Amino acid sequence: AVAPLGQVSELTEQLEERLFHLYGFNNELMQERLQALTEVMESAEEVQAELRHICCTVEAAYRDLCL
C-alpha cells in the first residue's frame, strides 16, 4: 500500500519539526556543558596559580633556613 503524497509530506514535516526541536535541545545542552567545562578549567587555573605561589613560598623558606 502506497501512502498518498499529502500524507508523506505531512509526515516529512513532522519529522523535520521533531529533528529541529531535538537539534535545538542538544545545542542548548552542549552550550551548558561547554560553559561548565570553561568554569572548571578557570577554577583549575586558579588552583594551579595558588600551588605555584605556595611552592615558591616554601622554596624561599627553605633557602632562608639553609642560608
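The values are calculated or read from the model by the stated rules, or taken from the named source; none is laboratory data. Note that the structure is predicted; figures quoted are calculated from it, not measured. Quick note on the areas: whole protein, heavy atoms, side chains included, nothing else; ligands and nucleic acids left out. Shrake-Rupley method; radii C 1.70, N 1.55, O 1.52, S 1.80 Å.
Side notes on the structure shown:
- Dividing the helix sum by the residues of the chain, where each DSSP H run of 4 or more adds -39500 (n - 2.57), gives a mean residue ellipticity at 222 nm of -35000 deg cm²/dmol.
- Take the stretch 1-66 with all the other protein chains still there, run a 1.4 Å probe, and you get 98 Å² of accessible area per residue.
- Available extension along the chain between Y23 and Q35 is 2.5 nm, counting 0.36 nm per residue and deducting the alpha carbon span.
- Relative to the longest principal axis of the Cα atoms of the chain, the long axis of helix 5-66 lies at roughly 0 degrees.
- Taking the 1.4 Å solvent-accessible surface of the stretch 1-66 as the whole, the part contributed by carbon and sulfur is 62%.
- Computed on the chain, the Cα convex hull volume stands at 72 Å³ per residue.
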